[in-house]
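A short worksheet on the structure shown next.
The values are calculated or read from the model by the stated rules, or taken from the named source; none is laboratory data. Since we're looking at a predicted model, the values are computed, not measured. Cβ sites come from the backbone with ideal geometry, for glycine too, and all protein chains shown count toward neighbours.
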Amino acid sequence: MSADRRAVARPPRFVASRGFRIVFIVLLVVCAAQIAYWVWDEVRYTTATRDRRAEVLVTEAMAATALREWLPADRVAPLFPRISVPETGWVSVRPEVLAALNEEARRRVNRFLWEGGFFLVVLCAGMVILNRALRQEARLRRQEENFLASVSHELKSPLASIRLSAETLADGAPDPERRGRLTGRLLDDVQRLETMVSNLLDAGRVEERGASRAREPVALSDAVRGVLAELAPQLEARGATVRTELDERASILADPEGVRAVVRNLLDNARKAIARSPDGSIDVRVASESGRVSLVVRDDGVGFSPEEGRRLFEKFYRPGDELRRSGSGSGLGLYLVRRHVEREGGSVRAASDGDGGGAEFRVEWPAAAAEGDA
Ligand SMILES: Nc1ncnc2c1ncn2[C@@H]1O[C@H](COP(=O)(O)OP(=O)(O)OP(=O)(O)O)[C@@H](O)[C@H]1O
Ligand SMILES: [Mg+2]
């Protein structure tokens with residue numbers, strides 16, 4: 001390989017540690033406080049100087065009044081150019097002198113307020129941006145840790161279980177009932193691995209900019225039936241009740257694989273949400289009205305809190321941390337749901353009555369006919 005084409009990897013020269021960044025933010029706060037103090041001090045100094053100069057003028061006016069007792073006004077006036085000295089009546093400071101004094105003070109105060117205000121705004125904006133970046137980075141780090149922990153767990157545990165089931169089957173033919181159970185578990189584990197791998201591959205695909213995708217009319221009810229058939233063994237094993245209300249006219253113009261990923265992830269989540277309750281149920285409704293096609297998946301499972309609800313569609317987000325979580329998953333499912341739905345011009349919402357109160361996920365797409373007409 002020629003010298004100029006050789007790839008050279010170097011570690012980054014400077015990586016600001018967390019402590020360093022916190023010190024930097026503290027320094028920015030000190031700078032902001034100093035600027036505020038500087039503005040306040042300059043404004044105070046300017047007004048005090050103006051008042052002192054006004055006092056000097058008043059003293060000059062008093063001196064001119066005293067001198068006018070002894071000398072004619074036209075001899076006193078040249079001695080006090082800033083004072084108006086009439087022959088009779090009040091000796092006073094010339095109005096234009098007072099106006100100039102006030103104007104100068106006003107201009108200085110304005111300048112300091114604008115300059116100081118500008119610096120303060122820039123500093124505060126910098127602090128807010130830096131603070132957000134820090135929090136975002138901390139969140140990404142947490143998500144990455146959660147993701148790595150859950151992915152390794154998600155890969156290792158079905159593999160270990162597959163090995164155990166396969167070894168037991170290989171050791172001799174157990175009774176038919178046990179063999180059936182082991183085969184069922186094998187299929188479950190393979191399904192879990194398949195979901196994981198297809199979600200990981202799908203995540204790579206939805207992020208490819210400008211990636212082409214085949215859009216064609218998709219019958220949503222057929223997609224739901226297909227996914228339900230795939231999940232049937234797991235749902236039946238848990239005694240879950242699944243009620244469906246499928247409008248056969250509901251058709252959307254979309255990437256069929258993306259639609260299946262949406263349905264599969266929502267149903268898989270509902271299945272996991274009711275996994276602990278012996279008589280859990282899932283309602284799936286497909287409807288088509290006013291140019292929109294909707295898919296609603298409702299379950300009476302564990303539900304989620306409002307704070308969790310706001311973040312469910314983030315990449316790799318799973319409530320709690322890896323040590324406290326019992327369910328399987330990598331936190332990619334709902335992120336993929338959102339990406340696929342938004343790519344087709346649709347929207348997705350989640351609602352729950354809180355922990356233990358079940359959950360409802362509602363997806364809406366433009367109907368195929370409506371889009372074709374457009
Ligand atoms: N129907 C639901 N009821 C209660 N909580 C839910 C429901 N669906 C999703 N969640 C919560 O949202 C989290 C994120 O869901 P998501 O589908 O993105 O990831 P996952 O199911 O944990 O993993 P993956 O889908 O990648 O296997 C879940 O871990 C779960 O805590
Ligand atoms: Mg999921």
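Computed quantities for the displayed model
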item: Any chance residue 274 is in the same structural domain as residue 364 (by TED's automatic domain parsing), more than 29 Å from the chain's Cα centre (by Cα) and surrounded by 19 or more Cβ atoms within 10 Å (Cβ to Cβ); result: no
item: Pairs, first under 13 Å from residue 244 (Cα atoms) in the range 214-230, second charged (D, E, K, R), C-beta under 6 Å, six or more apart; result: 221/248; 223/260; 227/264
item: Close pairs from the range 282-297: first under 12 Å from residue 219 (Cα atoms), partner among the polar types (S, T, N, Q), Cβ under 6 Å, at least 6 apart; result: 286/221; 287/294
item: Residue selected from the range 153-190 under the condition among the small types (Gly, Ala, Ser) and either loosely packed, with under 12 Cβ neighbours inside 10 Å or outside any helix (DSSP H, G or I) (or both), by the criterion nearest to ligand 2 (Cβ to nearest atom); result: 160
item: Residue ranges of strands (runs of 3 or more DSSP E) in the range 200-315 with at least 1 members within 13 Å of ligand 1 (Cβ to nearest atom) and over 16 Å from residue 348 (Cβ atoms); result: 281-289
item: Matching residues, the range 327-357, being surrounded by 15 or more Cβ atoms within 10 Å (Cβ to Cβ), in a loop (DSSP other than H, G, I, E, B) and within 16 Å of ligand 2 (Cβ to nearest atom); result: 328, 329, 330, 331, 332
item: Residue satisfying all of: in the range 112-139; of a type in the set (D, E, K, R) and surrounded by 11 or more Cβ atoms within 10 Å (Cβ to Cβ); farthest from residue 47 (Cα to Cα) among these; result: 139
item: Residue check, residue 249 surrounded by 12 or more Cβ atoms within 10 Å (Cβ to Cβ) and outside the structural domain of residue 290 (by TED's automatic domain parsing); result: no
item: Filter result for residue 312 (within 16 Å of ligand 2 (Cβ to nearest atom), under 24 Å from residue 331 (Cβ atoms) and more than 25 Å from the chain's Cα centre (by Cα)); result: no
item: Lone unmet requirement of (1) surrounded by fewer than 13 Cβ atoms within 10 Å (Cβ to Cβ); (2) free of Cβ contacts under 8 Å to residues at least 60 places away in the same chain for residue 144; result: (2)
